[in-house]
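Structure, as structure tokens:
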Amino acid sequence: MEHPNKVAPSNVPTAWQRVLDTYALKYQRATGKAFEKPFVALMNGLPFSTVERDTVAEGFARKTVTALLHTCQQCGRSGRRRRHTRRYTVMCAACFSARALRADIAALLDDDAPTEAGFRPEVAWHEHELPPRIRGVIPSQIWRQTDIPGVGPVRYLGKADVQALAVWLTKLACLVDEETATAGSEAKVGAG
Amino acid sequence: MPTPSPHFDASSTDMPKFKVSIGVRRSRQIDRDLAEQLRTIRTAASKHAAVLATFLPGMGASEPVVNWPGQCRLFDPDVLNARKAAARRADEKLVVYELEKAASLGVLRELARAPTSGDMHALRIDFPHFSQVLDLMLQRSALAAVSPGGAFSMPPVLLSGPPGVGKTAFSDSLAACLKVPLRRIDVASSTASFTLAGSHPTWSSARPGMVWHLLQNSSAAGLLLLDEVDKAPHSSYPVLGPLYSLLERISARHFVDEYIEVPVDASHLTWIATCNKPELLDPALRSRFVEFEIPMPNAAQMVAIARSVYRRLRAEAPWAAVFDAELSEEVTAALTAATPREMLRVLEEAHARAATDRRCRLKPQDVVINRASGPSGPRRIGFV
């Protein structure tokens, strides 16, 4: 049997390709004909329907777009729309965690960079000033501790600590990436 | 024409519950999402702990607790907790209360900051005859400017001079200028060393001393004013006894209040003692102070002091606003015959006389300096 969605865009993530195939096959079964041109396009990482003046095809395309907007493009599980480096992605929380961690690390190191005037606004980060994804994984022995009058004991990281931790955090992000990629492929195999 | 849905009307106020529920649902969804992300990251971190350990820099809790610049470590929390446990066992409720209060304020306390140039200028105007002390403060401010955190400290200062030159008033203004708490001990009326260093808990009326109380706030650089140190009563428990160790920086770092029994760092306290006759002090104690003899202000300084006292009176007295903002030259000249201490009382009486005559302006004849004890000494009662 001929592939029902042979003209789908080539830059579609693999997990989404399966969704496109499923809906294209459903359309073919319902109408007896295949889509002649791509019925879903991607703009800024998000899908939208390209079908016009065909009620049935438009309905299928709309359902496909809705399904894609709720499908993780990496593992195929239920996901949601997320903004990352000025582009949108649809991902589940687990698959997005590595990207989010990388973004947090970049933001933290960027925060440490001197401003145009050469002024460093921060010399230390209070525990609660750090992004939760970083704060939640830093081993307890890493934190520096002090006591602020009127506040009590606090944990913090200095500028040099953050720079020293950057390698460890980046390695962690790579490992999370590997883990989620493995879990995603296992999920795909399971679904297949 | 279809009306717009109220759910999307930002100006609509009749359905707040709906909007709130959206916000709550959204935040819960974000929280769940974040928790899921964190779980994934933590799982990977624990799974590859051995690999990650090689990338982990050596730092953190294994290193000693650091102080922020401009702060000091008041006590050892382990010692304090041990003493608290002992006090609980012995049912020493006040000790437990004091220790819990100290713990709640934290281990680190702030040091004094150098006074601003504006504050120093105001002090020079109000106390022109204290120029030597102010010069010392200026030098110490310069030292603070080059130290991390700008911590300001002053050596123990002994102000000697005739009565009424403003020694006590200067100490009050100095504490306000340094923004540190002030405690005043009238040495002449104090009975024993308990006042400063506390008394042992076995005594029925045992209490912590003034030094401990002064340290129980966010600043470790409170100002302790020892008034009339030359008039300390003779006692089996001399009032000034604890000063021998408290005025030495090294021993003051481990000062122990007899009631609390926890070593605290009292070396950052600011000490000011006043006296009329420094020669009456024990030489060993006297040598621990930097001594300044405060002279009676000269005529020009008295004019400045009179104006300063009047400004203070106007700021404090509710009735002062109806009188002139500045004193006339004649009134000021009449006031200069009084000592700085007498000025406030003389001015109040002068205002009272003016108010009796329904005047809003003081006249020189309102200023009456009526000394209870003149230069010839106290007036005797009874047969001469």
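The values are calculated or read from the model by the stated rules, or taken from the named source; none is laboratory data. Here the structure is a predicted model, which means the values were calculated and not measured. Cβ placement follows ideal geometry from the backbone for every residue including glycine, while neighbour counts extend to all protein chains displayed.
The figures follow:
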| quantity | calculated |
| --- | --- |
| Qualifying residues in segment B:150-168 (those that are over 23 Å from B:HIS268 (Cβ atoms) and small (Gly, Ala, Ser)) - the one surrounded by the fewest Cβ atoms within 10 Å (Cβ to Cβ) | B:GLY164 |
| Hits in segment A:160-176 (condition: β-branched (Val, Ile, Thr) and facing another protein chain (nearest Cβ under 9 Å)) | A:VAL167, A:THR170, A:VAL176 |
| Single residue of segment A:133-159 satisfying the filter (part of a helix (DSSP H, G or I) and more than 8 Å from chain B (Cβ to nearest Cβ)) that is surrounded by the fewest Cβ atoms within 10 Å (Cβ to Cβ) | A:LYS159 |
| Condition check for B:ALA334: modelled with pLDDT under 80 and either closer than 23 Å to B:HIS129 by Cβ or not assigned by TED's automatic domain parsing to the domain that holds B:PRO128 (or both) | no |
| Residue list for segment B:309-335, restricted to those being within 32 Å of the chain's Cα centre (by Cα), hydrophobic (A, V, I, L, M, F, W, C) and assigned to a helix (DSSP H, G or I) | B:VAL309, B:LEU313, B:ALA315, B:TRP319, B:ALA320, B:ALA321, B:LEU335 |
| Helices (runs of 4 or more DSSP H) lying entirely in segment B:98-197 (those with 2 or more residues that are touching a Ser or Thr at 6+ places or on another chain (Cβ under 8 Å)) | B:117-126, B:131-145, B:167-178 |
| Any hit, segment B:200-220, residues being within 28 Å of B:ALA304 (Cα to Cα) and in contact with a Pro (Cβ under 7 Å, 6 or more places away or on another chain) | no |
| Lone unmet requirement of (1) in contact (Cβ under 8 Å) with a residue 24 or more places away in the chain; (2) in a helix (DSSP H, G or I) for B:ALA338 | (2) |
| Candidate set: segment A:46-105, residues that are among the basic types (Lys, Arg) and assigned to a strand (DSSP E or B); chosen: the one surrounded by the most Cβ atoms within 10 Å (Cβ to Cβ) | A:ARG82 |
| Selection count where residues are buried (at least 18 other Cβ atoms within 10 Å of the Cβ) and within 14 Å of another protein chain (Cβ to nearest Cβ), scope segment B:78-119 | 11 |
| Subset of segment B:87-123 that is among the β-branched types (Val, Ile, Thr) and either touching an Asp or Glu at 6+ places or on another chain (Cβ under 9 Å) or modelled with pLDDT under 85 (or both) - its residue that is farthest from B:PHE75 (Cα to Cα) | B:THR116 |
| B:ASP126, sole failed condition from (1) under 30 Å from B:HIS200 (Cα atoms); (2) crowded, with 20+ Cβ neighbours inside 10 Å; (3) away from chain A (no Cβ under 14 Å); (4) at pLDDT below 85 | (1) |
